[in-house]
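One structure is given below, encoded as structure tokens.
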Amino acid sequence: MQNRREFVLALVFGCGVIVPSASASAATIDIMASAFTVTDFDAPSNFGFSVTKPLPAGTMGLVQIETLILGVFGDAARDGAGLAPSSGPTVARGRLTVGVGPATVVTEAGAADSFGADGGTAGIVSLRGFAITDTDAPSSFLFPSSQPIGPLNSDTAGQGHLGFVAGDAGSDGVAVVGQTSGGKIAGVGIDDPELAEFGDSSSTSGSSLQQLANGSYLAGCNDRALCTLMQDLLSFQLSGGNDVFAALLRHEVGGTPIVGTVLKAYAPVLATSLFDCGGGDGCTTQNFSVNYTGSGGGDAYAFVVVQRISTVDQVPEPASLTLLCLGLAGAAAARRRHQRAE
């Protein structure tokens, strides 16, 4: 009798200290990544980008969707800039399609963001956007640009601002390495091969990179034969693995010194959702979209979005384990009472 009582107590208290694993193992089955950039019009405008890709056949059971959105937006006229979701409460949405049925929204991320006017007077402004999906191997990129501005007949100051974001699509980290003579990513200047260079190389073993950088110069333009071209340069290498990169490069000649903000990073947003793909045909396609309203005034926007799809091994919930333990304890107690009656 004493042994049976000890068995029941051991069973009840043993179940009480069971601690189920808080995390389930996930196996990545696909990654979809893309980069977007746009220059807004004079008036606020709506923009939408969408990418759809088939999932591997037989994607069934519990699936985890991780959607990462990164961005940077810039002010052309120094009157402020911003973005707001153009439909629904968020900027980015991830979806899965089940069989031949309709798309089901499973992930939403990203809220409105903005910054105010710098308060100064703008000079001549160039605001360019870049969007790149890298190849499997490390690749170098060179984007020079120039535009007529003069001739200028007095010393002229120039200011450059760079903002970039990069996402890892290969689960091996991401790196952006500057390729100019000074090892910087960007350069700006007037009629001068010695550009003012700025923007440091950057890398991470994680999923994302963001950087804002700036540089300035003073060009001697007293000779009217000089200072006729406004020049800027973006030169860098990406680490490969199909990583994605988006950037804005702003160059301003003349105007008052910038004391506020003309570029702002859209803070990284990561949303994770679970979705049951069931049986049958399971989930067949994945999709993500970016939809927002820009602020107008020639402002510019650049985004990268990475969507990671993983199958997840389900683990028993604590409540289920508790019910199991109570059931076992009850069965043991009933057996003990039955044996005592005999």
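If you roll a 1.4 Å probe over the stretch 203-254 with all protein chains in place, what percent of the accessible area is carbon or sulfur? Show your work: numbers first, answer last.
On the way: 900 of 1980 Å².
Heavy-atom surface of the stretch 203-254 belonging to carbon and sulfur, 1.4 Å probe: 45 percent.
Please say if the stretch 19-155 is rounded, prolate or oblate, where rounded means a/c under 1.5 for a ≥ b ≥ c the square roots of the C-alpha gyration tensor eigenvalues, and otherwise the choice is prolate for a/b larger than b/c and oblate otherwise? Don't jump to the answer; show the numbers that get you there.
Details: a/c = 2.67, a/b = 2.01, b/c = 1.33.
It is prolate, given that a/c is not under 1.5 and a/b is the larger ratio.
How would you order 110-118, 44-52 from highest to lowest mean count of nearby Cβ atoms within 10 Å? Walk me through the intermediate numbers first.
Working: 110-118: 16.0, 44-52: 14.2.
By packing density, highest mean first, the sequence is 110-118, 44-52.
Using θ = phi - 60° and the Karplus curve 6.51 cos²θ - 1.76 cosθ + 1.60, what whole-Hz ³J(HN,Hα) does each residue of the stretch 260-275 get, with Gly and Pro shown as x?
x, 10, 10, 10, 9, 7, 7, 3, x, 10, 10, 10, 10, 9, 10, 9
Sum up the charges of everything whose Cβ sits under 10 Å from the Cβ of residue 285, counting Lys and Arg as +1 and Asp and Glu as -1, but leave residue 285 out. Let's see the in-between values first.
On the way: positive: 53, 95; negative: none.
In short, +2.
The stretch 157-205 to the stretch 45-101: how many Å between their Cα centroids?
If you average the Cα positions of each part, the centres end up 26 Å apart.
Can you give the alpha-carbon Rg of the stretch 151-279 over 2.2 N^0.38 Å, where N counts its residues? All intermediate terms of the calculation are to be shown ahead of the outcome.
Numbers: Rg = 18.9 Å, N = 129, 2.2 N^0.38 = 13.9 Å.
For the stretch 151-279, the normalised Cα radius of gyration comes out at 1.36.
Can you give the relative contact order of the stretch 91-166 as a percent, counting alpha carbon pairs under 8 Å and 6+ residues apart? Walk me through the numbers before you get to the answer.
On the way: 30 pairs, mean separation 13.1, N = 76.
Rounded, it is 17 percent for the stretch 91-166.
Simple spin-label model, 7 Å along Cα-to-Cβ: residue 203 to residue 140 in nm?
1.7
How would you classify the stretch 80-191 from its alpha-carbon gyration tensor, with a ≥ b ≥ c the square roots of the eigenvalues: rounded for a/c under 1.5, else prolate if a/b is greater than b/c, otherwise oblate? Walk me through the intermediate numbers first.
Values: a/c = 3.11, a/b = 1.59, b/c = 1.96.
Oblate, because a/c is 1.5 or more while a/b does not exceed b/c.
Given the Cα-Cα distance of residue 256 and residue 115 and 0.36 nm per residue of separation, how much length would full extension add, in nm?
Details: separation 141, 0.36 × 141 = 50.76 nm, distance 1.88 nm.
Length gained, residue 256 through residue 115: 48.9 nm.
The values are calculated or read from the model by the stated rules, or taken from the named source; none is laboratory data. What you are looking at is a predicted structure, and each value in this text was computed from that prediction instead of being measured. Every residue, glycine among them, receives a Cβ derived from its backbone with ideal geometry; neighbour counts consider all protein chains shown. Please note that ligands, DNA and RNA were not included when accessible areas were found on the heavy atoms of the full protein model with its side chains. Shrake-Rupley method; radii C 1.70, N 1.55, O 1.52, S 1.80 Å.
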